[in-house]
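The values are calculated or read from the model by the stated rules, or taken from the named source; none is laboratory data. Quick caveat: nothing in here was measured; it's all calculated off a predicted structure. Methodologically, a virtual Cβ is constructed for each residue, glycine included, from the backbone with ideal geometry; neighbour enumeration extends over all protein chains shown.
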Amino acid sequence: MNKVTQIEGKAVPVEGNDIDTDRIIPARYLKEITFTNMGNYPFYDERFDAEGKPKGHPFDLPQFQGAHLLFVNQNFGCGSSREHAPQSLMRWGVRAIIGESFAEIFAGNCTMLGIPTATVNHGEMMKLQTLVKEKPETKFMLDLEKKTLLSEGKEYLKFDIHESKRNALVNGTWDSTGLLLGNAGKTAEVAKKLPYVAGF
């Protein structure tokens, strides 16, 4: 299992409270049978007009291309429980999200993909979003073991993260599907001993 302890890179700011999963990934893209192309669709209706012309969303601005950290505000990921939302962000390039607060199901879906959802207060987030808008080349490192965000090698601020999610990430147990597949042999052995599986 892959342990997630540190994530480095530039950041992209997406401002606004209560950004729901339908805004993150419009419902019409849920019909695709795989997640392969989901990286093309995050915030699609806010990025492009009806004719497909860019509106100037941060995800399309050249200075934010290649960013691995996403800075957001309150109640990010509210609405439906669609796992396509974190899938689309991950496939665009997001490896960690720092926000003021997250919808619980969205945060759980992120953890299942190895994406930390760390929280800071409103003032700290305003400071972070302003920094990356003014200096988009700024690089950060999110350290899950120390619960610290570093900028240019120096501690910038402390963040919070649900302890169960942090433990799953740093111990490499965040991928439940991977855990099941990795223990398929043990699962089969146990199944042989269960009368409701092997027969009475």
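Condition test on THR34, is it surrounded by 22 or more Cβ atoms within 10 Å (Cβ to Cβ) and either under 16 Å from ALA118 (Cβ atoms) or not charged (D, E, K, R) (or both)? I'd like the intermediate steps shown before the answer.
Working: surrounded by 22 or more Cβ atoms within 10 Å (Cβ to Cβ): no; either under 16 Å from ALA118 (Cβ atoms) or not charged (D, E, K, R) (or both): yes.
Spelling it out, it is not the case that THR34 is surrounded by 22 or more Cβ atoms within 10 Å (Cβ to Cβ) and either under 16 Å from ALA118 (Cβ atoms) or not charged (D, E, K, R) (or both).
Could you go through segment 141-157 and let me know if any residue there is part of a helix (DSSP H, G or I) and surrounded by fewer than 16 Cβ atoms within 10 Å (Cβ to Cβ).
Within segment 141-157, the first condition is being part of a helix (DSSP H, G or I), and the residues that meet it are none.
Looking for residues that are part of a helix (DSSP H, G or I) and surrounded by fewer than 16 Cβ atoms within 10 Å (Cβ to Cβ), one finds none in segment 141-157, hence no.
Looking only at residues that are surrounded by fewer than 20 Cβ atoms within 10 Å (Cβ to Cβ) and either of a type outside the set (A, V, I, L, M) or at pLDDT below 95 (or both) in segment 84-99, which one is nearest to LEU149 (Cα to Cα)? So that I can check it myself, show each step before the final result.
Step one: filter segment 84-99 for residues surrounded by fewer than 20 Cβ atoms within 10 Å (Cβ to Cβ), giving 90-93, 95.
Filter again for either of a type outside the set (A, V, I, L, M) or at pLDDT below 95 (or both), leaving 91-93, 95.
Values: ARG91: 23, TRP92: 22, GLY93: 19, ARG95: 14 Å.
If we take residues in segment 84-99 being surrounded by fewer than 20 Cβ atoms within 10 Å (Cβ to Cβ) and either of a type outside the set (A, V, I, L, M) or at pLDDT below 95 (or both), then ARG95 is nearest to LEU149 (Cα to Cα).
Residue by residue, here is whether (1) more than 21 Å from PHE159 (Cα to Cα); (2) in contact with a Cys (Cβ under 8 Å, 6 or more places away or on another chain); (3) among the charged types (D, E, K, R) holds:
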site: ASN37; (1), (2), (3): yes, no, no
site: PRO42; (1), (2), (3): yes, no, no
site: GLU46; (1), (2), (3): yes, no, yes
site: GLY52; (1), (2), (3): yes, no, no
site: PHE59; (1), (2), (3): yes, no, no
site: GLY66; (1), (2), (3): yes, no, no
site: PHE71; (1), (2), (3): no, no, no
site: SER80; (1), (2), (3): yes, no, no
site: PRO86; (1), (2), (3): no, yes, no
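Output the qualifying pairs, or none if there are none: Cβ atoms under 9 angstrom, residues six or more apart or on different chains, first residue in segment 42-64 and more than 22 Å from PHE76 (Cβ to Cβ), second residue outside any loop (DSSP other than H, G, I, E, B).
Sorted first by the residue in segment 42-64, then by its partner, the pairs are PRO54/ARG47; PRO54/PHE48; PRO54/ASP60.
Collect the residues in segment 158-186 that are part of a helix (DSSP H, G or I), surrounded by 11 or more Cβ atoms within 10 Å (Cβ to Cβ) and β-branched (Val, Ile, Thr), keeping them in residue-number order.
Selection gives VAL170 alone.
Quick grid of which residues meet (1) hydrophobic (A, V, I, L, M, F, W, C); (2) at pLDDT below 90:
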site	(1), (2)
GLU124	no, no
SER151	no, no
ASP160	no, no
LEU169	yes, no
GLY172	no, no
ASP175	no, yes
ASN183	no, yes
ALA188	yes, yes
ALA198	yes, yes
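Select from segment 1-18 the residues that are under 14 Å from the mean Cα position of the chain (by Cα) and assigned to a loop (DSSP other than H, G, I, E, B) and list them in ascending order.
Passing the criteria: VAL4, VAL14.
For segment 70-100, which positions are out of contact with any strand residue (DSSP E or B) (no Cβ under 6 Å at 6 or more places or on another chain) and small (Gly, Ala, Ser)? Don't jump to the end; show me each part of the working.
Taking segment 70-100 first, the residues out of contact with any strand residue (DSSP E or B) (no Cβ under 6 Å at 6 or more places or on another chain) are 73-75, 80-93, 100.
Passing the criteria: SER80, SER81, ALA85, SER88, GLY93.
Show me the strands (runs of 3 or more DSSP E) entirely contained within segment 26-123 in which 2 or more residues are polar (S, T, N, Q). Before you say what the answer is, go through the steps one by one.
Numbers: elements: 69-71, 96-99, 117-119.
Filter on segment 26-123 gives 117-119.
For ASP18, are the conditions met, namely being on the phi < 0 side of the Ramachandran plot and of a type in the set (D, E, K, R)? Walk me through it before giving the result.
Working: on the phi < 0 side of the Ramachandran plot: no; of a type in the set (D, E, K, R): yes.
In short, no.
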